[in-house]
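Worksheet: the structure to be examined is printed underneath.
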Amino acid sequence: MNNRISVHFRAMNTDIEAQLIQQRNPHSDSAKETRDEAGEYAALVKEWFEDMETRLSRFNASSELNRLNRAAGSWMLVSDILFQLLAEAEAYRLRTDGLFNINVLAALQAAGYDRSFEHAGQFKPTTPFQGAIVRPDEPYMEMDARMKAVRLRSGVQLDLGGIAKSWSVRKLSDWLRRRKGIGRGLINAGGDAMVWDDRADGVPAELRIQNPWDAACSDEAIQLYNGGVATSNTLGRSWGTPQGKYHHLIDPRGMRPSGSDVVQCTISGPDVTACEVWAKVVCIAGLERGAAMLAEHAPSYESCIYMSDGSLHRLQAAIPPQRNGRRMK
């Protein structure tokens, strides 16, 4: 027999969902013990994401991320969590030729995105646009792994955005699976989702892809045994300005909202954090360059890409998926 644990709450400025299936202890038939254990796991999931929000949100003035931003130009000791996340973000900056870049907070604020998105009606972009221009290939921080210390270059202001959510999903999923023996589960943070199933005869989970122009329509689906999926979109988090419509995906080559031919990209593959990064990169780079970068750097990932002209492109993985991979239909 199995225990199914369902958790729904809001954190990190998005909706969080967890579905965990644990094999029931055959030596216990206590309904109360089962309820207590389910409550414990639900509390753990909620506590983890709330802690990540406390540490990593740019909308929390006292967050560790904001303390680091205020210390730009000086060394600061940081938590192991923040250090790991910054190191991974830097690795992706290098791998994507700077198209993935977390040094975009000044540009987001210049575009008007200076508070959480539920207040989008109050966004007031700078006129003329004054986003700080930086070279995407230029390092913006120094890191001392021995001391767990970071020094941002003067003027650098980081926004961890989507990578914080996908990274948090992956870390929690790994911990529940390997340390707590949760053999089947799904954790979803605003569309950044990780699925796992340790059974040899497991049935894949089906995750629907929302049409970017019609929220009620999900005309594509991804089937996952073990892996992640993430979507980036220029339409959902967008707002009107006197200069036209802006959105939250900043192209670091000009520090303005990106203007490529891609309006939405969903990526599936082994690692949800990589899915989130590559989905964002494809939206910024556009179809032609994005497809080439996926083929070169992420051959085991596949994508579903909606274009500004309404067309849909599906890019299959160059490396065929294994039994624990994913299939798009």
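Taking amide H positions as modeled 1.01 Å from N, with prolines and chain starts lacking one, the residues under 5 Å from E302 and 5 or more places away or on another chain are S268. Between the C-alpha center of region 235-256 and that of region 162-212 there is a gap of 30 Å.
Placing unit charges on each Cβ (+1 for Lys and Arg, -1 for Asp and Glu) gives region 61-100 a dipole about its Cα centre, and among N66, A87, L77 the Cα reaching farthest toward its positive end belongs to N66. For the chain, the longest principal axis of the Cα atoms and the long axis of helix 80-95 meet at an angle of about 60 degrees. Computed on region 43-94, the Cα convex hull volume stands at 97 Å³ per residue. Cα-based values for region 169-310, radius of gyration first and Dmax second, are 16.2, 56 Å. Averaging 1/r over each pair of different alpha-carbon atoms in the chain and inverting the result gives 20.7 Å, the Kirkwood hydrodynamic radius.
May I ask you to compute the full-extension gain from R70 to R153, defined as 0.36 nm times their residue separation minus their alpha-carbon distance, rounded to one decimal in nm? Mind dumping the intermediate values first?
Numbers: separation 83, 0.36 × 83 = 29.88 nm, distance 1.12 nm.
So the chain would gain 28.8 nm between R70 and R153.
The ratio of the alpha-carbon radius of gyration of region 76-202 to the globular-protein estimate 2.2 N^0.38 Å is 1.30. Taking 0.36 nm per residue of sequence separation and removing the Cα-Cα distance, the I319/D80 pair yields an extension gain of 82.7 nm.
In square nanometres, what is one fourth of the surface area of the convex hull spanned by the alpha carbons of region 184-244?
5.0 nm²
Peptides 50-61, 186-197, 166-177 ranked from most to least packed give 186-197, 166-177, 50-61, packing being the mean of other C-beta atoms within 10 angstrom over each peptide's residues. Taken one residue at a time, the phi angles of region 54-68 give Karplus couplings (6.51, -1.76, 1.60, θ = phi - 60°) of 4, 7, 10, 7, 6, 8, 9, 4, 9, 5, 4, 4, 5, 5, 5 Hz. Gly and Pro are set to x. Sort region 142-253 into rounded, prolate or oblate with this rule: let a ≥ b ≥ c be the square roots of the eigenvalues of the Cα gyration tensor; rounded if a/c is under 1.5, and if a/c is not under 1.5, prolate when a/b is larger than b/c, oblate otherwise. It comes out oblate by the Cα gyration axes. Highest mean packing first, where packing is the average number of other Cβ atoms within 10 Å per residue, the peptides 210-217, 15-22 line up as 15-22, 210-217.
Can you tally the net charge around C304? Count Lys and Arg as +1, Asp and Glu as -1, for every other residue whose Cβ sits under 9 Å from the Cβ of C304. Working shown, then result.
Details: positive: R314; negative: E220, E302.
Net charge around C304: -1.
About its Cα centre, what dipole magnitude does region 210-327 give when the only charges are +1 on Lys and Arg Cβ and -1 on Asp and Glu Cβ, stated in debye to the nearest 20? Magnitude of the dipole: close to 200 debye. When only Cα pairs below 8 angstrom with a gap of at least 6 residues are kept, the chain shows a relative contact order of 16 percent.
If we count every other residue with Cβ under 11 angstrom of S218's Cβ, Lys/Arg +1 and Asp/Glu -1, where does the sum land?
Summing Lys and Arg as +1 and Asp and Glu as -1 gives -3.
Grab the DSSP H runs of the chain that are 4 residues or longer, score each as -39,500 (n - 2.57), total them, divide by all residues and round the 222 nm result to the nearest 500 deg cm²/dmol. Intermediate values should be presented prior to the final figure.
Values: 7 runs with 98 residues, N = 329.
Value at 222 nm, helices only, nearest 500: -9500 deg cm²/dmol.
Quick one: net charge of S62's neighbours, Cβ under 12 Å, K/R +1, D/E -1? Could the numbers behind the result be given before it?
Numbers: positive: R55, R58, R67, R70; negative: E53, E64.
With Lys, Arg at +1 and Asp, Glu at -1, the net is +2.
When +1 charges are put on Lys and Arg Cβ atoms and -1 charges on Asp and Glu Cβ atoms, the dipole computed for the chain relative to its Cα centre reaches about 340 debye. All Cα-Cα distances of region 212-265, cut into 10 Å bins from zero to the largest, leave 19, 44, 26, 10, 1 percent in each bin in turn.
Read-outs throughout are calculated quantities, based only on the coordinates presented, and are distinct from any laboratory measurement. Here the structure is a predicted model, which is why all the values come from computation and not from measurement. Cβ atoms come from the backbone with ideal geometry, glycine included; neighbour counts cover every protein chain shown.
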